[in-house]
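One structure below.
The values are calculated or read from the model by the stated rules, or taken from the named source; none is laboratory data. No experiment lies behind these values; they were computed from the predicted model shown. Note that each Cβ is placed from the backbone with ideal geometry, even for glycine, and that neighbours are counted across all protein chains shown. Ligands, DNA and RNA are excluded from the accessible area calculation, which covers all protein heavy atoms including side chains. Shrake-Rupley method; radii C 1.70, N 1.55, O 1.52, S 1.80 Å.
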Amino acid sequence: MASSNILSELLARNSKFSQTYQAPPGLLQMAKAIRSSGAGVIILSCADPRLNPYQIFGIDSTIKGVTMVRNAGGRVLDAIRTISILQTIGNPKTIVVLHHTDCGMSHFHDADVRKALIQNAPQEEETINATQYGEIVGSIEDSVQEDVALLKASPFVTSGTTVFGLKYDISTGVVTQVMEATTGETGGERL
Ligand SMILES: [Zn+2]
């Protein structure tokens, strides 16, 4: 079966990886260092395999304290749990929201997801219809602005966190800034 071939491939690659692996510092030691430096950064981006935030921003072991959060669309609505935990552990005071052009969430909308889910789980129709799936119906700038505003309004995001909203053009590789805001302060600027 194809899936077992994939697993064999992944395990073979892991075997190679582990041969030169060097263990990082323990979680508590790392979290303490990030907390005391105040330099932690969360990058929230789409799970799209064409988008690699490590490559886009040239992130390697020389940049400390960058944590990746990825989901469909890079949407805030289902990232709050993870962001809450990351801010509890390492207290990162910068969040970067990165949405991208040609995103699946702009082609497949909540109605499409609901239709597919109801086919699989008709007994859950009520719950499915009441759930937001993070569709992007306007421009990418609009969705970035919406998510920066959601973070800014969330009582679960540490006050004084700087939030940058960025757009990634998947056809050129260029990132541009759309928004900037600080939680706990009024306003927020669309650039
Ligand atoms: Zn996407």
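Worth a mention:
Residue-by-condition table, conditions (1) within 25 Å of residue 54 (Cα to Cα); (2) in contact with a Lys or Arg (Cβ under 6 Å, 6 or more places away or on another chain):
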| residue | (1), (2) |
| --- | --- |
| 97 | yes, no |
| 102 | yes, no |
| 110 | no, no |
| 118 | no, no |
| 123 | no, no |
| 127 | no, no |
| 161 | yes, yes |
| 172 | yes, no |
| 184 | no, no |
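- Positions within segment 180-191 being open to solvent by 40 Å² or more (accessible area, probe 1.4 Å) and either part of a strand (DSSP E or B) or at pLDDT 95 or above (or both), in sequence order: 180, 189, 190
Residue-by-condition table, conditions (1) in contact with a helix residue (DSSP H, G or I) (Cβ under 7 Å, 6 or more places away or on another chain); (2) farther than 27 Å from residue 89 by Cβ; (3) at pLDDT 95 or above:
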{"residue": "118", "(1), (2), (3)": "yes, yes, yes"}
{"residue": "123", "(1), (2), (3)": "no, yes, yes"}
{"residue": "145", "(1), (2), (3)": "no, yes, yes"}
{"residue": "157", "(1), (2), (3)": "yes, no, yes"}
{"residue": "174", "(1), (2), (3)": "no, yes, yes"}
{"residue": "178", "(1), (2), (3)": "yes, yes, yes"}
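- Check on residue 73, surrounded by 12 or more Cβ atoms within 10 Å (Cβ to Cβ) and either of a type in the set (S, T, N, Q) or more than 16 Å from the ligand (Cβ to nearest atom) (or both): no
- Residues that are of a type outside the set (Phe, Trp, Tyr), under 25 Å from residue 104 (Cα atoms) and out of contact with any Leu (no Cβ under 7 Å at 6 or more places or on another chain) do not occur anywhere in segment 153-164.
Residue-wise test of (1) touching a residue at least 12 places away in the same chain (Cβ under 8 Å); (2) small (Gly, Ala, Ser); (3) at positive phi.
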| residue | (1), (2), (3) |
| --- | --- |
| 120 | no, no, no |
| 134 | yes, yes, yes |
| 142 | no, no, no |
| 149 | yes, yes, no |
| 154 | yes, yes, no |
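- For segment 79-110, a residue qualifies if it is within 15 Å of the ligand (Cβ to nearest atom) and either at positive phi or among the basic types (Lys, Arg) (or both), and exactly one does: 102.
- Restricting segment 48-70 to residues that are within 16 Å of the ligand (Cβ to nearest atom) and open to solvent by 60 Å² or more (accessible area, probe 1.4 Å), the residue that is farthest from residue 134 (Cα to Cα): 55
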